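Structure record follows, encoded as structure tokens.
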Amino acid sequence: MLAHPTQEQLIALGLTGMAKALENQRRSPDITALGFEERLGLLVDREAAERESRRLATRLKFAALRHDASIEDVDLRTPRSLDRALFQRLATGSWLDRHEGVLITGPTGVGKSWLACALGHKACRDGRRVLYHRVPRLFEALALARGDGRHARTLKALARVDLLILDDWGLSVLTQAEREDMLEILEDRHGRGSTIVTSQVPIEAWHEVIG
């Protein structure tokens with residue numbers, strides 16, 4: 001008789017995971033075989049799992065990844081000169097602890113953006129703050145921010161995330177304002193956060209793109 005009001009109290013306290021687990025226990029005929037601490041442990045585990053699920057959903061929404069990609073779905077057999085051992089090391093996320101960067105280059109259609117988003121998704125799962133931007137759109141947003149007084153605040157937000165993904169770098173030669181913005185972004189993040197840059201332009205041609 002106390003189960004129903006207890007569920008209501010759990011929900012009122014924001015413990016919806018525990019409330020759901022309690023309802024599941026009430027419906028399970030075998031649950032009486034477990035002791036009090038075991039049953040309590042199941043309630044706590046469910047609450048912890050639901051909270052982490054909500055936090056992950058929030059991180060993914062903030063990240064705004066272009067693709068719903070995950071490292072488990074990466075096909076390492078696809079011919080795109082992807083170093084299997086290197087990608088597996090990247091999947092561990094240890095490079096993020098060292099605030100290192102990753103450059104992904106190659107022709108259109110090999111999946112550069114997808115790979116970057118897969119690494120971003122893994123970082124979100126590991127509890128890190130991630131943010132995705134296509135470089136052309138980012139420069140447009142920074143130009144608008146410069147005009148309405150939000151420029152410094154926008155740059156600060158880019159510096160704050162654990163992993164910044166800059167997709168489609170080098171589609172056109174940078175203007176003076178874009179060069180300054182890129183310098184500020186990378187300078188702010190150096191030694192403090194990691195950055196992934198994807199580009200169809202070979203790295204040896206980047207000086208021409210920077211102008």
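Within the span defined as the stretch 95-109, one or more residues are over 13 Å from THR198 (Cβ atoms) and among the basic types (Lys, Arg). Applying the set (1) part of a loop (DSSP other than H, G, I, E, B); (2) at pLDDT 90 or above; (3) among the charged types (D, E, K, R) to ASP75 leaves exactly one unmet item: (2). Within the stretch 99-125, the set of residues being assigned to a loop (DSSP other than H, G, I, E, B) and in contact (Cβ under 8 Å) with a residue 12 or more places away in the chain comprises HIS99, GLU100, GLY101, GLY106, PRO107, THR108, VAL110, GLY111. Return the pair list, or none, for Cβ contacts closer than 8 Å from residues in the stretch 159-187 that are over 13 Å from LEU138 (Cβ atoms) and open to solvent by less than 80 Å² (accessible area, probe 1.4 Å) to residues that are acidic (Asp, Glu) and not in a loop (DSSP other than H, G, I, E, B), at least 6 apart or on different chains. Here the result reads ALA159/ASP188, each pair linking the stretch 159-187 to a residue that is acidic (Asp, Glu) and not in a loop (DSSP other than H, G, I, E, B).
In this structure, ARG137 does not qualify as of a type outside the set (Asp, Glu), open to solvent by 40 Å² or more (accessible area, probe 1.4 Å), at pLDDT 95 or above and in contact with a strand residue (DSSP E or B) (Cβ under 7 Å, 6 or more places away or on another chain). Number of residues in the stretch 34-64 that are in a helix (DSSP H, G or I), open to solvent by less than 70 Å² (accessible area, probe 1.4 Å) and in contact (Cβ under 8 Å) with a residue 40 or more places away in the chain equals 4.
Within the stretch 69-104, the set of residues being open to solvent by less than 80 Å² (accessible area, probe 1.4 Å), of a type in the set (D, E, K, R) and within 17 Å of the chain's Cα centre (by Cα) comprises GLU100 only. When residues in the stretch 198-211 are screened for being open to solvent by 20 Å² or more (accessible area, probe 1.4 Å) and either part of a loop (DSSP other than H, G, I, E, B) or in contact (Cβ under 8 Å) with a residue 40 or more places away in the chain (or both), 5 of them pass. Can we say PRO5 is of a type outside the set (Phe, Trp, Tyr), assigned to a loop (DSSP other than H, G, I, E, B), at negative phi and more than 24 Å from the chain's Cα centre (by Cα)? So PRO5 does not fit the description; no.
Checking the structure you have, find out if any residue of the stretch 116-126 is at pLDDT below 95 and among the hydrophobic types (A, V, I, L, M, F, W, C). No, every residue in the stretch 116-126 fails to be at pLDDT below 95 and among the hydrophobic types (A, V, I, L, M, F, W, C).
The values are calculated or read from the model by the stated rules, or taken from the named source; none is laboratory data. Since this is a predicted model, take the numbers as computed values, not measurements. Reconstructed Cβ throughout: ideal geometry from the backbone, glycine too, with neighbour counts over all protein chains shown. Side chains are part of the model used for accessible areas, which takes the heavy atoms of the whole protein and leaves out ligands, DNA and RNA. Shrake-Rupley method; radii C 1.70, N 1.55, O 1.52, S 1.80 Å.
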